[in-house]
Ligand SMILES: [Fe+2]
Ligand SMILES: [Fe+2]
């Protein structure tokens, strides 16, 4: 998902403390920053929430690419508002992860030097305006699927930021679907663009949920701690089941010849994405990994003087104020 | 590397007369900057008409270990709730 393949840390804490902690989680109590928590819980959460935050921020880049090229002023305003929301999502999540004892600057540095990851999906390019439709519809759609259950996660600050995020997220998916609706009602060329965008984003969207459950080794601990609420395959199936009828409504074809309704299971059968591609992208070898990190590095470097000047200005104001008193 | 901006807690009052409510936190160089950022981060959809910010380091909080001594004494005082007192029906609404 926005946090894929988060390694769950083994924990070597006092067994009685661990049992008491697990009992609180099982009872549905929220764990708050000052409460005792297993070292592994803290570490896993830092990794997971941090990765989620980075994904929101890096995720602005593929869409920002189209703000100045939007076809109408209204679409431009919609997209701008959506991308601004994503900045907000990143900030809510950074604040949540900072309560676990890691600083904002450390988090940024870990993203820039590759110690922390962001979702594989944002390493794909956005080549046409139809991609803005596909991204909102599929990428935000997949994100919602994962974020809604996380509103019930055991860590209080994380759960609260998820509540805010989920409130804002459905506009994102709808504006994307709206772009797609306009495209498929347009000229033949526009319809082809819409189909092409779906073709390119379908499998990367399925990859967002992370590897298949049989290869997903970190799930169990995270699920008992309630920092992962569903398995990867459960969410992926749910996404497919919801998305297929939407594609049909648009008159677009999902690029999967094996996609078909299974009467017995009550779900669609579908082809899994190419997991070797997924691992390549995660390793840094996707089409845009280098560009994405370079853009974040540039923003960090170019913004340094602003960060410093704001502090200097605040200090000057403060000392003038105390001198006047 | 430069100093990190301090952390601020943000409280917002909506239009319906409720108290200011904690909505989250953010980094800013000073109070004025924190209010500006809070406006962008926490009120993009008319969530409020008034913003309070306070530097996180200025907040004193009760600690989780005090949970027992602080809150347990309230447990056996059910008479603080109106439903504790049974009023006969013939008295009417009270
Ligand atoms: Fe988001
Ligand atoms: Fe979104």
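The numbers here are math on the coordinates, done by the rules we state, and not lab data. These figures come from a predicted structure and were not determined experimentally. For neighbour counting, all protein chains shown are included, and Cβ atoms are generated from backbone atoms with ideal geometry for every residue, glycine included.
Peptide B:37-46 shows a mean partner chain C-beta count of 3 within 10 Å per residue C-beta. Every Cα-Cα pair of the protein assembly as shown was included, and the share exceeding 42 Å stands at 22 percent. Computed extension length for residue A:76-residue A:178: 35.4 nm, one decimal, from 0.36 nm per residue of separation with the Cα-Cα distance subtracted. Ranked by the mean number of other Cβ atoms within 10 Å per residue, highest first, peptides A:49-57, A:195-203, A:99-107, B:65-73 order as A:49-57, A:195-203, A:99-107, B:65-73. Among the residues of B:23-33, the average count of other protein chain beta-carbon atoms within 10 Å of the residue beta-carbon is 6. For the residues A:146, A:230, A:123, a GNM of chain A with alpha-carbon springs under 10 Å puts the largest fluctuation on A:230. For chain B, the alpha-carbon coordinates run over 71, 36, 15 Å along the three principal axes, in decreasing order.
Model label points for residue A:233 and residue A:36, set 7 angstrom from Cα along the Cα-to-Cβ axis, are 3.8 nm apart. One decimal place: the segment residue A:302-residue A:188 gains 36.7 nm when fully extended, by the rule 0.36 nm per residue minus the C-alpha distance. With a simple spin-label model that places each label point 7 Å from the Cα along the Cα-to-Cβ direction, the separation between residue A:283 and residue A:166 comes to 3.7 nm. Projecting label points 7 angstrom from Cα along Cα→Cβ for residue A:68 and residue A:313 puts them 2.4 nm apart. Once the convex hull of all Cα atoms in the range A:1-103 is built, its volume per residue stands at 117 Å³.
Neighbour counts of other Cβ atoms within 10 Å put A:172, B:27, B:86 in the fewest-to-most order B:86, B:27, A:172.
Can you give the convex hull volume per residue for the Cα atoms of the range A:107-250, as a whole number of Å³? Write down the numbers at each step before the final one.
Values: hull volume 17.8 nm³, N = 144.
Dividing the Cα hull volume of the range A:107-250 by its residues yields 123 Å³.
Remark: mean inter-chain Cβ contacts per residue of A:61-73 equal 0, using a 10 Å Cβ-Cβ cutoff to other protein chain atoms.
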